[in-house]
Amino acid sequence: MRWSRWFLHSMMLPALAGALLLPQPVQAEGWSVARGNPAATGSINIDTSAAQLAQTYRYDIGTFADGSGPVVGSDGRVVLANEQGKIVVTEESGNPVWDRQLNSGFTIKSTPAISSNGNVYVLSSRKYTDHRVSPAVQRVDVEINGFDPGGGWLFRYPVPAQSGGAIATAPLNIMRAPDGAELIVFPIRYRPPASTTTILHLYAYTLTGSLAAHVPVSSLVTPIEGGMSGASGAPTTPAPLVYDGGSHPVSLPVPGVAVRPNDPTVVVLNDGISKIVSYRFDGATFQELWRVDREDALSAPAIKGSETAFFNGTTHYLGFNAFGQINRAGDIIGSHAPPTLVPTGAVVFINRLRRMIVAAGGQYDAGGDTIAPAVASRNFIYISVPRGLVTYRASDFQFVSVYDWPNGDRGGRSEPVIGPNGFIYALAGNKFYTFFPNTGPANRSNAATGGVVGGDVGGNDAGDSGQPKPMNNALNPAILTAPQATTDGGSGSGNAITGGKVFQAQPNAILNGGMPPAPEPATDQPPPQEAALPTSQQFDPPLTQSGKALSACVDSDFDDCGKAAARAFCESMGFTKASNIDIDTKKVQAETLNGAICTAKKCKVVDKVTCSR
């Protein structure tokens, strides 16, 4: 492998003046899977700095599928996996560690995962024409690959093929078996030949490559995401990204799963069309816990502690508790981008109308069209848009800065990621950008060390012209109409990137020698409001907090059994009435609302109930 002298020289950047470096944060767990952690919160609980001081990885890193991106281990090592089937691992500052090329014809269209022992896992696929049958048909082979921390190939095993072509674009995640062992978990979509129906399957693999469990989730018609198809009937094409005066096609990945933090044997997923499903891995199989029909939920979930699995949706966001019941909702214009759970407690959604929406809060200009979700640290929120990487303050959502991608690069296709030591990483124009932690102001030295930090967000995408544009920020327009501090990036020597400007909001600046103008009345959509819980909901079957069948008995002796248990259940869920009650006797372990367990061979259970108010 050849590395330019420029690139190797640039590794000295971390040794720049100490004023540019943040205090060493407490070591975090890294960003080992897509969305940062198994719960898919899109956040990391550390302090970072605004994305301003950057350098690019100048070695050819290939192209990346829309929605896929890097992951970062707890040691700071960064893993990239591209469409040419190559895995590249670097140190957090960009020094090469190792790379591996998959077998010919295999591509990687999903985000990889890093286990706690440092192993790297990727899902690869290969589309080909099978001439062993007549007439010849197109097929897709899918393989799961494992590498040790040093790059040694641990295994490559085929994923059991279903009928038809595979869409292997969902990110890999990590759940746990009941004994605590880590499992690589992911869904794959299959399309039977000559059909517009697709079938979603969920897989779990051990760290040594053994198939631990597999379950068909649902059968769907006309999927919304793009990807590879081995048969006729192309997926519905999502709206293109709009920038530079034109429309640019995009392809959305299959939604990934999220793992419940308080019970990592449980996953929640959206099939991408009409069903939200939760499973528990019992050590041998996936056991379905609940299933809800929701055609209006678009995104993969993000799970907040033991409470709520949030979804972005068509006209509102939704939150489901551990039993599949809606416990949060609000009116928004949503998108397929997963929610972001900011460490401050805020829940943030990105839509295709250039909006960052805070649940039960305000709406802010995201800076451009994007299919990528936001990511967050304790003190900043980052959004990749075609123009650049936008930074907001997490405490009050005020705009901080935007880093304009240089040399015609464009972002908005994959999420940024945050390393455990405060480095920010992003893909734009198939270049890999590393943003160094720094607290220095926007000035010539910052720009010359590899950055192009842009100006106001808003209006049309400015590209690398750096022209400030008005931003429609409902929170504090004054800070965004103030003059901007600008600095030419210059051609510079060493690792400078040419053609850029530095812009930062100056909250105390005076516009044209006078006071900033009074804020204009807000023209955005009204802030989303928390929606009322549904007036009725059917539970089929109702489950206790531990996921067990609901006993039809209300006493610990299991003598007083009947519909009273169903009514008590509805009341515990915030409803006032119970109807359509079915009581049955089954060979299951049932539990009362008070936690008493039925140990008989057969237990009376509430099989179905409709709760209302």
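On the stretch given as the range 289-313, residues that are assigned to a loop (DSSP other than H, G, I, E, B) and either aliphatic (A, V, I, L, M) or in contact with a Leu (Cβ under 6 Å, 6 or more places away or on another chain) (or both) total 3. Of the residues making up the range 582-592, those that are in a loop (DSSP other than H, G, I, E, B) and surrounded by 15 or more Cβ atoms within 10 Å (Cβ to Cβ) are Val588, Gln589, Thr592.
Kindly indicate the residue of the range 116-143 that is crowded, with 19+ Cβ neighbours inside 10 Å and small (Gly, Ala, Ser) and also farthest from the chain's Cα centre (by Cα) among those meeting that condition. Within the range 116-143, the match that is farthest from the chain's Cα centre (by Cα) is Ser125.
Take Asp555 and tell me if it is open to solvent by less than 70 Å² (accessible area, probe 1.4 Å), over 19 Å from Leu289 (Cβ atoms) and outside any strand (DSSP E or B). Yes; evaluated as a whole, the condition is true for this residue.
Checking the structure you have, find out if any residue of the range 217-238 is modelled with pLDDT of 80 or more and assigned to a strand (DSSP E or B). Yes, some residue in the range 217-238 is modelled with pLDDT of 80 or more and assigned to a strand (DSSP E or B). Checking each residue in the range 558-569 for being surrounded by 14 or more Cβ atoms within 10 Å (Cβ to Cβ) and either at negative phi or in contact (Cβ under 8 Å) with a residue 60 or more places away in the chain (or both) picks out Cys561, Lys563, Ala564, Ala565, Ala566, Arg567, Ala568, Phe569.
A quick yes/no check of all residues on (1) surrounded by fewer than 24 Cβ atoms within 10 Å (Cβ to Cβ); (2) modelled with pLDDT under 95; (3) in contact with a Lys or Arg (Cβ under 7 Å, 6 or more places away or on another chain):
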| position | (1), (2), (3) |
| --- | --- |
| Gly305 | yes, yes, no |
| Thr315 | yes, yes, no |
| Ile350 | no, no, no |
| Gln363 | no, yes, yes |
| Gly367 | no, yes, yes |
| Ala372 | no, no, yes |
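Can we say Asn117 is at pLDDT below 95 and not aromatic (Phe, Trp, Tyr)? Considered against the rule, which asks whether it is at pLDDT below 95 and not aromatic (Phe, Trp, Tyr), Asn117 comes out as no. For the range 137-183, a residue qualifies if it is assigned to a loop (DSSP other than H, G, I, E, B), more than 24 Å from Asp271 (Cα to Cα) and of a type in the set (A, V, I, L, M), and exactly one does: Ala181.
Taking every residue in the range 259-275 that is in a loop (DSSP other than H, G, I, E, B) and pairing it with any residue that is crowded, with 20+ Cβ neighbours inside 10 Å and among the aromatic types (Phe, Trp, Tyr), at least 6 positions away or on another chain, the pairs with Cβ-Cβ distances below 8 Å are Thr265/Phe281.
Looking across the range 598-612 at every residue that is of a type in the set (S, T, N, Q) and under 20 Å from Trp290 (Cβ atoms), the one that is modelled with the highest pLDDT is identified as Thr610. Among residues that are surrounded by 17 or more Cβ atoms within 10 Å (Cβ to Cβ) and at pLDDT 95 or above, Tyr190 is not included. Scanning the range 116-136 for residues that are touching a residue at least 40 places away in the same chain (Cβ under 8 Å) and either out of contact with any Pro (no Cβ under 7 Å at 6 or more places or on another chain) or outside any strand (DSSP E or B) (or both) yields Ser116, Asn117, Gly118, Asn119, Leu123, Ser124, Ser125, Lys127. Scanning the range 387-402 for residues that are part of a strand (DSSP E or B) and closer than 23 Å to Pro343 by Cα yields Leu389, Val390, Thr391, Tyr392, Arg393, Phe399, Val400, Ser401, Val402. Remark: pairs (first residue in the range 383-402, free of Cβ contacts under 8 Å to residues at least 40 places away in the same chain; second residue of a type in the set (A, V, I, L, M); Cβ separation under 6 Å; 6+ apart in sequence or on different chains) = Ile383/Ala366; Ile383/Ala374; Ile383/Val390; Tyr392/Ile381; Arg393/Val400. Does Asn443 meet the test of being at pLDDT below 90 and in contact with a strand residue (DSSP E or B) (Cβ under 7 Å, 6 or more places away or on another chain)? The answer is yes for Asn443. Tallying residues that are in a strand (DSSP E or B) and either of a type in the set (Ser, Thr, Tyr) or crowded, with 21+ Cβ neighbours inside 10 Å (or both) within the range 80-115 yields 9.
Of all the listed residues (Thr41, Thr56), the sole one being within 26 Å of Ser395 (Cβ to Cβ) and in contact (Cβ under 8 Å) with a residue 60 or more places away in the chain is Thr41.
The condition (being open to solvent by 40 Å² or more (accessible area, probe 1.4 Å), in contact with a Leu (Cβ under 7 Å, 6 or more places away or on another chain) and at pLDDT 75 or above) is satisfied by just one residue among Ser572, Ser579: Ser572. Hey, does the range 374-382 have a residue that's part of a loop (DSSP other than H, G, I, E, B), more than 14 Å from Trp405 (Cβ to Cβ) and of a type in the set (Ser, Thr, Tyr)? Yes - at least one qualifying residue is present in the range 374-382. Confirm whether Gly595 is at pLDDT 80 or above, part of a loop (DSSP other than H, G, I, E, B) and open to solvent by less than 50 Å² (accessible area, probe 1.4 Å). The answer is yes for Gly595.
The values are calculated or read from the model by the stated rules, or taken from the named source; none is laboratory data. None of the values given here were measured: they were computed from a predicted structure. With ideal geometry, Cβ positions are generated from the backbone for all residues, glycine too; neighbour counts draw on all protein chains shown. For accessibility, only protein heavy atoms count, side chains too; no ligands or nucleic acids. Shrake-Rupley method; radii C 1.70, N 1.55, O 1.52, S 1.80 Å.
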